[in-house]
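The values are calculated or read from the model by the stated rules, or taken from the named source; none is laboratory data. Since the structure is predicted, the reported quantities are computational estimates derived from the model, not experimental observations. Counting neighbours? That spans all protein chains shown, and the Cβs are built from the backbone with ideal geometry, glycine included. The accessibility values were calculated without ligands, DNA or RNA, using every heavy atom of the protein model including side chains. Shrake-Rupley method; radii C 1.70, N 1.55, O 1.52, S 1.80 Å.
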Amino acid sequence: MNELLSNLKQLLEMTAAWWSNLSLLFNSPSTIGFDDIYTLLVRWVFPLLAVGILVRCIPPLLRNRGCERIWGYLEVPGSIKIPIRHWEVSLGRSKLSDIVINLPFISRNHAVLAYSRDSWTITDLGSKGGVSINGQNIEGKGEVHAGDTISLGGAEFRLLAVEEGNDDLDATRRRTWLSEWGEGIAPGKTFLLLLLFQVLGAFQLYFTMPEETKRTILLTVAVFIAAECFYYVIAFLCSRKHLELELLAFFLCGLNLFVVAADVPNQLLKQLIAIIIGMVVFCILQFILRDMERARKLKYILAAGALVLLAANLVFGEVRFGGRNWINLGFITFQPMEFVKVAFVLAGTATLDRMLTTRNITAFIAFAGTCIGALIIMRDLGTAVVFFGAFLVIAFMRSGDLRTIAYALAAAVLGALAAITFMPYVASRFEAWGNVWQYANTIGYQQTRTMIAAASGGLLGVGGGNGFLVNVPAADTDLVFGLLCEEWGLIVALTAVLTVVFMSLFAVFLVRGCNSAFYAIAASGTATIYLIQTALNVFGSVDLLPLTGITLPFVSNGGSSMIASWALLAFIKAADSRSRPDVNESGRLF
């Protein structure tokens, strides 16, 4: 009996201690309200939902590359059949051609064979020997049908449909463990988890934020959820079954609204409009990118628009946080360079995807140099690094020349040293790098407060709207990783970062199976921008890299950044062959 009473006494003491700690947690030593209990529960549920959403989206996205597809054959004398593995293939003597023809009278970049609008076409790339179809020379482009003979400078090939080249179409499919992984994960259930995540987060903020913002928060999240549901239903009705990429973007946009609601709730409407505009731009670009010729024509419009924006930024730009990268029209303020990123990827891709000539690479270098030079004049070194990284990847994917890339990197290092030497604002960022605690109340103020806030949030966070980092400038933009860590916890913050990283790696994963170099280069350029921005934002806020004022894609506050993030996502979506409505699950056109 004495032992039982002793155990009971210990249990009561432990319960009292737990209740006391819980009361102190919410600064309420006497009573605990419903909102406090709700916050406690959400802090545990939120990380589980965030991780679950990401984990459920990964397998279905990766499994689509479980097969290699053949779209036709080029037959050479002697019954040798060369498989055509893409909708667009380059032919020539160059080792960078998709189909290498190692004959001395074939030009390095001779022609491009492409499938579009239910027919094959071949385009002469200014070759010396010319191109002919069934003995008839063509100028520019000509249409080719199954059974036709194509002559490249005298070398003859016959185009065969896939049925003629291989009677067993299933033999073109290479089954791997990726083919089966994720088959049982339905996007509908993942979407429901996502909606639950957003509803719980909205009510968490509702219980925490001041009375005058409560209704605005709930209304904003409700409209966003309605927009998500509308997109999902329309995509389902259009037989689009693979929506995991969009679900990941919706997940990040939900966190964006939570960040804005906690820091600057008066900007919620602006951010909601930016998200919806971004979704519309994403859909429009998807439609344009389905036709490569249409996308190539768009490059001239976007490149011209980018140059106009650059000039306007240099002349009328407004200085904020040390950089002249804003244009204020009175009724709206935006960052032109965010939109130039989209033009940069498309212009570089459409210029270099078919052939790498001196004229093409010179044009792209001139355009890239103009963008980067303008950014240096604007003192926006972080965005200049993003553009330079995208330039290297796009150029390397077409040239494969490591020596040229090394020269470009050397030039970039010299340019960075010059910027640090002659630009005091840039130099101050590097002076604080690695020593922010020595400048905790001056140039290291933002990063030291970010690290304190991130540490105070722990794994689960203190709850949305309960953080102190919102009092630090740029908490919702440059320091958004710290704000996520503090209010929603390290697990949610890392999940958000890993989501952006996975979207980028998924783009790289798609490259080998892309139906055209156009899609491969565009997706890789986008992945580079996402990864560099993420690294600069996250590592800069915790002093692993200099703080450069770069946003975290989809998560940081900013209408321009949000619209550009959605627009760039369209390049990754276009690289996924399942996004085309004219390709079924077996990979055949119908």
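The table below gives the values:
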{"quantity": "Mean projection area, nm², convex hull over Cα of region 279-339", "calculated": "5.2 nm²"}
{"quantity": "Charge context of Phe387, other residues only, Cβ under 13 angstrom, K/R +1, D/E -1", "calculated": "-1"}
{"quantity": "Amide H contacts under 5 Å for Asp148, placed H, 5+ residues apart", "calculated": "Leu159"}
{"quantity": "Phi-based couplings in Hz for region 465-482 (Karplus 6.51, -1.76, 1.60; Gly and Pro marked x)", "calculated": "x, 9, x, 9, 5, 4, 7, 9, x, 6, 4, 8, 10, 5, 10, 5, 4, x"}
{"quantity": "For region 249-349, accessible area per residue (1.4 Å probe, heavy atoms of protein chains only), Å²", "calculated": "40 Å²"}
{"quantity": "Solvent exposure ordering (accessible area, 1.4 Å, most first) of Trp437, Trp566", "calculated": "Trp437, Trp566"}
{"quantity": "Using θ = phi - 60° and Karplus 6.51 cos²θ - 1.76 cosθ + 1.60, couplings along region 221-232 (whole Hz; Gly, Pro as x)", "calculated": "5, 5, 5, 4, 4, 4, 5, 4, 5, 4, 4, 5"}
{"quantity": "Prolate/oblate/rounded label for region 422-520 (Cα gyration tensor, a/c 1.5)", "calculated": "oblate"}
{"quantity": "Cα gyration tensor shape for region 200-344, rounded if a/c is under 1.5, else prolate or oblate", "calculated": "oblate"}
{"quantity": "Global form of region 203-289, assessed from the alpha-carbon gyration tensor, a/c cut-off 1.5", "calculated": "prolate"}
{"quantity": "Qualifying lysines (Cα of each under 22 Å from Cα of Lys299; at least 8 residues distant if same chain)", "calculated": "Lys141, Lys341, Lys573"}
